Structures are given as structure tokens and as C-alpha cells.
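Chemist: One structure follows; several queries about it will come next.
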Number of protein chains: 2
Amino acid sequence: MQFQHSTLPNGLRLLGEISPSARSVAIGFFVRTGSRDESPEVSGVTHFLEHMVFKGTPRRSALDVNRDFDRIGASYNAFTSEENTVFYAAILPEYLPQAVDILADILRPSLRVEDFDMEKNVIIEEIGMYEDQPGWSAYDNAKKHYFVNHPLGNSILGTADSIRALTRDQMHEYFSRRYVAQNITAVAAGNFNWDHFVNLVGKACGQWPTGPVGRQGVKPATGPNTIQTIAKDKVVQEHVVMIAPAPAADSPLRHAADTLALAIGDDSGSRLYWELVDPGRAESADMSFHEYEGTGSFYASFSCEPDQASENLGIVRRVLNDVQKKNITAEEIQQAKSKIGSRVVRAGERPMGRMQAVGMSWTYLGQYRSVDDELQAFDAVTLDSVRDVMNQFPIDRITTLALGPLTKIV
Amino acid sequence: MQFQHSTLPNGLRLLGEISPSARSVAIGFFVRTGSRDESPEVSGVTHFLEHMVFKGTPRRSALDVNRDFDRIGASYNAFTSEENTVFYAAILPEYLPQAVDILADILRPSLRVEDFDMEKNVIIEEIGMYEDQPGWSAYDNAKKHYFVNHPLGNSILGTADSIRALTRDQMHEYFSRRYVAQNITAVAAGNFNWDHFVNLVGKACGQWPTGPVGRQGVKPATGPNTIQTIAKDKVVQEHVVMIAPAPAADSPLRHAADTLALAIGDDSGSRLYWELVDPGRAESADMSFHEYEGTGSFYASFSCEPDQASENLGIVRRVLNDVQKKNITAEEIQQAKSKIGSRVVRAGERPMGRMQAVGMSWTYLGQYRSVDDELQAFDAVTLDSVRDVMNQFPIDRITTLALGPLTKIV
């Protein structure tokens, strides 16, 4: 395993983790732009643009993009988050040149008006589909409620109205501003030759425009600490999401925060599991740590029959109060570490997993972290560092959102 | 990469693929029993028994099973198919002894009556949940329609009635007969010491009873070549499943069959994709090759608006006729090979993927096959071998099932 990095004259960064024993290679282009970088009038443009990237370039129709990926047997996709838009492909090593060529090409999309208009319907349909999923809708609304006056509260998909109002030129303006070379990192992991990769990316992306790029509103959030209820009589179960403040992505406390969340709310063997899921009080219950630039949050959630929702919310409050007061136990830390260790190692066994980890670690920390670095950091978590997390970020300070048949939850 | 195998005096087989560069290990217990081994009066018992295996032993309560897996950070699960019941866990290498101990222990379940009665409700609920999924229901009914008078037509879940009627003693009888040492293979892949593994399994499973075990009705199936319609007015879209005969799991033609199915019906860039999905005629369309002991089948399916279903069925028929007459093209073979190669390599990058592949290959072929063996076999596929498949198994001889609002499809 060997790490390399480099920067093109126009500012585009390149990262590579070379493992000669791998049999495939994963490539990703990380664009540091997401829903938090959107103004209200273009809400959803980042995600819509991610779709448009696959709709063709001066050299390729949408059909060609699809066919060219297929020809090399690529497993490819993209995702948009609050902070990043990532385009990636996993391939056999011999197809590295084609994969770089396609990915680099589509990242300069034509944004043709007719494609834009057609894709608009797809996006609006996707928004409708998600809105029909109460679990997702509760999560999205909880974020909006918690991140009030904070750009992390922006919806990734936008609304049907914001998408309908969006013009091709607004998207083009956003693209020109955010998809500049300095804001993009090309990452490869697996079996490949570093110089070859640098060469290919240099040729394909060396002419991309450069320009200033930034991010507004990088600041902590703590949430209003209130309860909001959204009544939906068509929804069968009550979906409750609770958000508490947590360390940011570059905090040295992030591994302790992850360990804490797992002990409280992993999908098996955690406090919430034993209190809510195992006895059948809730259909699902979990807690997890989400890290962002400048802030972080703990998300806890459960779904259950409406008449049990208030009691269950009380149980979660009691669990969180109890942990805040008395901390978790040494055995819980040990169990959480075993789980995390196993997950980190297994995710790192695939080039795809390493490509994502290397890209994210550079984006947030500006540094390379190996699987061993991560394992050691989790191994170093103690009862004291978990205590530190809660001293700085009280986990019982929760902002709550309930979505379902209830008009009120207490 | 090194392959080892051994057999305990009681007949239990052990397989291991050791890769010192891996950082985790996956262990699986393959029980060669599935829905095809059930008589009608115990329909669903195999899958129900898979659930009961996690409900405890003389040494462990259900809670202990869960806790003990959690303590070592295991990612564990099980599945039941027509022919196999597989229990598995992925762990860090240091936890090999605990993982073997837990898996071996739970494979001698107590089958307590009170657990049995409680779990019965879970199974019946699961059946209801699946029946509510029209795609799954269409597939299950299509199998029943195609495999008429053939044990592969048995439903894996059984019916609410068959499960309700099942007694704990019937399950125990099935367990005693099918979970004998000769019918079980313990497989490990990843970073572990072979002698240590043999020792652990020997100690844990050496006393398991031995006994004769077989499988009835291992014979080819060709389907009635008819159309059946199941009208469900609550279902919005029409779900159409077509089944054609194909090579068995031990046939030298299986790689060509896989390649053919991918060219016709992969989820992107295939004939069905371009004919049905890309132009928006169907929401989804695919074709895949399923291999069993003694026979195989091609499954093609699509779902769409009811008023387009008959036309779409005509299009699939035309595509299949056309390929049957004129074969696929050299370019399609090339593209399918790239895709399959990429998938085989990527699946083989994880111990979990290798454990499954090694176990399945031994179950069906009685031989070890490395990733390279598989890649070479796919690489050797030619237009002629694809032609051979269709000469022996005409892909246009389809048995069709439609489930949805329509009362008739033509």
C-alpha cells in the first residue's frame, strides 16, 4: 500500500493509494459542492446537476456515456450530499484510460436545454417518490428543523417548486462557479500505476478552468432543542428523529463520537436495540454520528405504532440522560470497537471502499489516513474521551421531529 | 491464495481458501437443504428452521447468540434458497475461535416450543410482507407455474397455512434428517490458519450425528410453455416474469449461459434495456441465468403500466426469437465478458465473496475454483458456445406469468 498525491497547474488535486495485490481499481472525482452551497433560489441544483452530468458532452450523447461505461464493464455511479458530489467507477486495471476519459469528459457536460427540461421531470418524480417514504421525509424535515438558519438545513433534492423554477442558465452559472479545477479531487485506489494516472488526468483535465471557490456558513449548530410534529394521516407508523450536536469532521473527538453513537444506537446489541427493538416497542431504532465541515450531529431515530410513540420518546430520553450522566461502560466501548474495527477493515478490503475513504479524508482533513491509522484511532478511544465528547456536546440536548398520524407528541 | 480441504470422521467437510494479505476472515456453514427438499405438508420448514437456529441452544439463549456475535463485531446472517441453507459471519482474524464456537453451537438449536410458537408469527408476518411485494410475488408464482410437478417449484417461505399447521416435532424431524454432518460443509476464506480452523471445527462439530442423506427429484424441467395471469386490482403496475430452460449448475455451458443472459437482459446496456427501459416502455426489465442441481433456467422479467404489458411481452418475444435465430454479436459477447470479469474480480476481493464462491462451487461441482479459473472460463466463451446453449435450451420457449391489474395478457 502506497500513497501518492499531486496537483495539476490549474489546481485540480490527485490522490492515489496503490495496492499491487488488488485486482481492480476504483476512480472517483470528488467535487466539493453540495446542498449547503446552494442559495434558496437554486435549491436542489447540485443534485439535479449530478444527473445532468450523465446526459452528455460535446463528444458523447447520454447513450454514448452509458454504452462506453458498459463496454469496459464499469460499475459506476454518483451521489450528492450536503457537502460533496462524487462521480466514480470501479473497473479492471486495463480499462483505466477509458474510465478516466469518460469520467473527465462527463464532468464538462453540455447541459443541453432539451435534456435539462426532460430530466426536470425525472427529478420531480424522484422528489415525489422520496416524499412518499415517511422515514426519509422525517429525516429531511428533522434536518431542516435542527439546522435552522444554517446551510446544512438545505434539502439535497430541493422541492418540486424550486426544481420547476430552475433554469438551465442558473444551473450553468452554478456549474461554472463550483466545478472549477481547484474544487475537484481525482482519487484512485487499487491496482494502477501512479504516473500513468497522473498523466491521464493531466491530459483530460489540465485545461479545466480555474477560479476562486469557497464555502459560506461554516459554523457549528446546536439546534433549537424543541419538538416539531408533522401530521400525515396517510402514514401508518410514527417516525421520530432526534438530533443532538456532535464534533465536526476534523475534530480529534470524532472517533470517540462514533464509538458512543454505536454503543447507544447500533442496529443490533445497542442500548436502543435492547430497549426498543428487542422487546417489540419499535420496529426500528438507531443512532449514528454524522460529521460535516464545521459541525457534526448525532441522529437518533425510531419508528413505531403511533400510540407507543410518546412512551418510546420518553425511553430514548431516559437512555440519553442516563448515558450523559453515567457514561457508557468499558464493555460497551469494547464491543463498539470490535464492530467498528471489523467494519473499517472490511470496507477497506475493496478499492471502492478505499477510494471513498481516501477522498473523504483528504477533503475534510487534508491528509492521508490508512486503514491502520483509522484502526489505531478507534483503538485509542477511552471512557475519558467519550466523556469529553459529552462534556462538549451533551447528547441529551435533542431537537425532535415526529412525522406520522399523531398531531402531537410529548 | 491457497486452497485446503478435509473431512471429519463423521462426514462434515471443511474447505478453506487462505489469503495472507486479507485482513478479515469469513466463515460459512453450508447445509445442503432447501425448499426443494420439503414435502408439501412441511412447506416452508427450511426457512423457518433457519430462523429458529438463531433462537438458542442448551448453552445460549437467543439473547446470548445476539450478544456473543456483537461482542466480536461479527457481520453475520443466513439465507435459505431452493437448495441451500447458509449461515455465515465475517470477522477480524483474532475472533476465529469465537465465531466457529457460536456458529457451530447454533447449528444444534434447542427448537424450544415457546420460541417456535413465537417465531411462527414472525414468519407469517414475513410471508404477508413478501406477498405485498408484487415483483416478488410474480417471481414466486412464475416458479410455481414453470416448475410444475418439480420440487424446484416449492415456495421457499411456504404459505401462511402451511406454516400455521407446522409443528415443532415436524421441524425437529426435518432437522434431524437434513442437518447431519455429511450434509454440511464448513468454509473459511481470508486470513486464517488452516490447521487451527480444522481443529476448531473438529472439536465443535466432531460429535454431530451422521446418517444417510439424499435429494429427490433431481431432474431437468422445461416448463409448460403457457401463459398464466393472476389478477390483482390493488397492484398498480403489471409484473411479467418469463422462464425458459437453461443448463444446470454443473454444465460446462453455464458460463456461456450467463454471458447470453447478460447480453440480453443486464440492467444497463442490454437488449431489453434498450428496447424497454431506455425508451420508457417499462420501469424495469432484466434477464438472468439461475443454476440449480440437475437443471437451470433463464428468468426474464419486466414491470410496466398495464396498458403497455401486452405490447412489451411482444417485444420481449421478438428479442428472444431474434437472438435464438441470429445469436448475439461478437461485440455483445465482448461487453458481457467485461462486465462479468469486473464483477467476478470485485466479488472476489472480499473474503465474504470468496467464502460464498468456494462453498457453492464445492456444493455443485465437488471442486475448488479460483477467481482465475472463473475468469478463464468466461474468457473462453465464444459465439459458438452461446449457440450451443440455445441449441440445447431454446430461449424463446418461455413460460409466462403476469401479475397485476390485467385479467388477461397475450
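The values are calculated or read from the model by the stated rules, or taken from the named source; none is laboratory data. Here the structure is a predicted model, which is why all the values come from computation and not from measurement. Virtual Cβ from ideal backbone geometry, glycine too; neighbours counted across all protein chains shown.
Chemist: Would you check if residue B:269 is in contact with a strand residue (DSSP E or B) (Cβ under 8 Å, 6 or more places away or on another chain) and not aromatic (Phe, Trp, Tyr)?
Modeler: no
Chemist: In addition: Suppose the filter is at pLDDT below 95 and either in contact with a Cys (Cβ under 9 Å, 6 or more places away or on another chain) or crowded, with 17+ Cβ neighbours inside 10 Å (or both); does residue B:78 pass it?
Modeler: Taking the combined requirement at face value, the residue does not satisfy it.
Yes/no matrix, rows are residues, columns are (1) β-branched (Val, Ile, Thr); (2) in contact with a strand residue (DSSP E or B) (Cβ under 9 Å, 6 or more places away or on another chain); (3) part of a loop (DSSP other than H, G, I, E, B):
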| residue | (1), (2), (3) |
| --- | --- |
| A:218 | yes, no, yes |
| A:223 | no, yes, yes |
| A:230 | yes, yes, no |
| A:236 | yes, yes, yes |
| A:241 | yes, yes, no |
| A:251 | no, yes, yes |
| A:257 | no, yes, no |
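Chemist: If we scan region B:190-201, do we find a residue that is of a type in the set (D, E, K, R), out of contact with any strand residue (DSSP E or B) (no Cβ under 7 Å at 6 or more places or on another chain) and either outside any helix (DSSP H, G or I) or more than 23 Å from residue B:50 (Cβ to Cβ) (or both)?
Modeler: Checked region B:190-201: at least one residue is of a type in the set (D, E, K, R), out of contact with any strand residue (DSSP E or B) (no Cβ under 7 Å at 6 or more places or on another chain) and either outside any helix (DSSP H, G or I) or more than 23 Å from residue B:50 (Cβ to Cβ) (or both).
Chemist: Pick from region A:1-34 the residues that are of a type in the set (Ser, Thr, Tyr) and out of contact with any Leu (no Cβ under 8 Å at 6 or more places or on another chain): which of them is nearest to residue A:105 (Cα to Cα)?
Modeler: Going through the qualifying residues, I end up with A:33.
Condition check ((1) small (Gly, Ala, Ser); (2) surrounded by fewer than 19 Cβ atoms within 10 Å (Cβ to Cβ); (3) at pLDDT 95 or above; (4) on the phi > 0 side of the Ramachandran plot) across all residues:
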| position | (1), (2), (3), (4) |
| --- | --- |
| B:113 | no, yes, yes, no |
| B:122 | no, yes, no, no |
| B:127 | no, no, no, no |
| B:131 | no, yes, no, no |
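Chemist: Would you confirm whether or not region B:279-290 contains a residue that is hydroxyl-bearing (Ser, Thr, Tyr), under 24 Å from residue B:136 (Cβ atoms) and either in contact with a strand residue (DSSP E or B) (Cβ under 9 Å, 6 or more places away or on another chain) or within 14 Å of chain A (Cβ to nearest Cβ) (or both)?
Modeler: yes
Chemist: Among the residues of region A:263-290, count how many are touching a Ser or Thr at 6+ places or on another chain (Cβ under 8 Å), modelled with pLDDT under 95 and either over 17 Å from residue A:241 (Cβ atoms) or not hydrophobic (A, V, I, L, M, F, W, C) (or both).
Modeler: Number of matching residues: 3.
Chemist: Only one residue in A:94, A:119 is closer than 14 Å to residue A:53 by Cα and not in a loop (DSSP other than H, G, I, E, B), so which one is that?
Modeler: A:119
Chemist: Being among the small types (Gly, Ala, Ser), in a helix (DSSP H, G or I) and more than 21 Å from residue A:134 (Cβ to Cβ), is that true of even one residue in region A:265-281?
Modeler: Within region A:265-281, none of the residues are among the small types (Gly, Ala, Ser), in a helix (DSSP H, G or I) and more than 21 Å from residue A:134 (Cβ to Cβ).
Chemist: Condition (residue is of a type in the set (Asp, Glu) and in contact (Cβ under 8 Å) with a residue 24 or more places away in the chain) applied to region B:293-305: is it met by at least one residue?
Modeler: Yes, some residue in region B:293-305 is of a type in the set (Asp, Glu) and in contact (Cβ under 8 Å) with a residue 24 or more places away in the chain.
Chemist: Can you tell which of A:75, A:81 is out of contact with any strand residue (DSSP E or B) (no Cβ under 8 Å at 6 or more places or on another chain) and either small (Gly, Ala, Ser) or over 24 Å from residue A:292 (Cα atoms) (or both)?
Modeler: Within the list A:75, A:81, the selection yields A:81.
Chemist: Restricting to region A:59-89, what's the tally of residues that are within 11 Å of another protein chain (Cβ to nearest Cβ) and assigned to a loop (DSSP other than H, G, I, E, B)?
Modeler: The number of residues fulfilling the criteria is 3.
Chemist: Follow-up question, since we're still on this one. One residue is enough: does region A:22-29 have a residue meeting the conditions more than 14 Å from every other protein chain (Cβ to nearest Cβ) and aromatic (Phe, Trp, Tyr)?
Modeler: yes
Chemist: Of the residues in region B:337-369, how many are away from chain A (no Cβ under 14 Å) and among the basic types (Lys, Arg)?
Modeler: 1
Chemist: Can you tell me how many residues in region B:229-257 are under 20 Å from residue B:143 (Cβ atoms) and either touching a Lys or Arg at 6+ places or on another chain (Cβ under 9 Å) or surrounded by 24 or more Cβ atoms within 10 Å (Cβ to Cβ) (or both)?
Modeler: 14
Chemist: Could you tell me whether region B:202-212 includes any residue that is touching a residue at least 24 places away in the same chain (Cβ under 8 Å), farther than 26 Å from residue B:84 by Cα and in contact with a strand residue (DSSP E or B) (Cβ under 9 Å, 6 or more places away or on another chain)?
Modeler: no
Chemist: Take region B:127-136 and flag every residue that is part of a helix (DSSP H, G or I) and more than 12 Å from residue B:159 (Cβ to Cβ).
Modeler: B:129, B:134, B:135, B:136
Chemist: Separate question: For the condition buried (at least 20 other Cβ atoms within 10 Å of the Cβ) and of a type outside the set (D, E, K, R), what is the one hit in A:139, A:146?
Modeler: Result of the check over A:139, A:146: A:146.
Chemist: Please name all residue pairs, on different chains or six or more residues apart, with Cβ atoms under 6 Å, provided the first residue is in region B:320-338 and is more than 30 Å from residue A:90 (Cβ to Cβ) and the second residue is of a type in the set (Val, Ile, Thr) and buried (at least 17 other Cβ atoms within 10 Å of the Cβ).
Modeler: B:320/B:395; B:324/B:395
Chemist: OK, next. I want to confirm something. Restricting to region A:38-58 and keeping residues that are touching a Ser or Thr at 6+ places or on another chain (Cβ under 7 Å) and touching a residue at least 60 places away in the same chain (Cβ under 8 Å), which single residue is farthest from the other protein chains (Cβ to nearest Cβ)?
Modeler: My answer is A:38.
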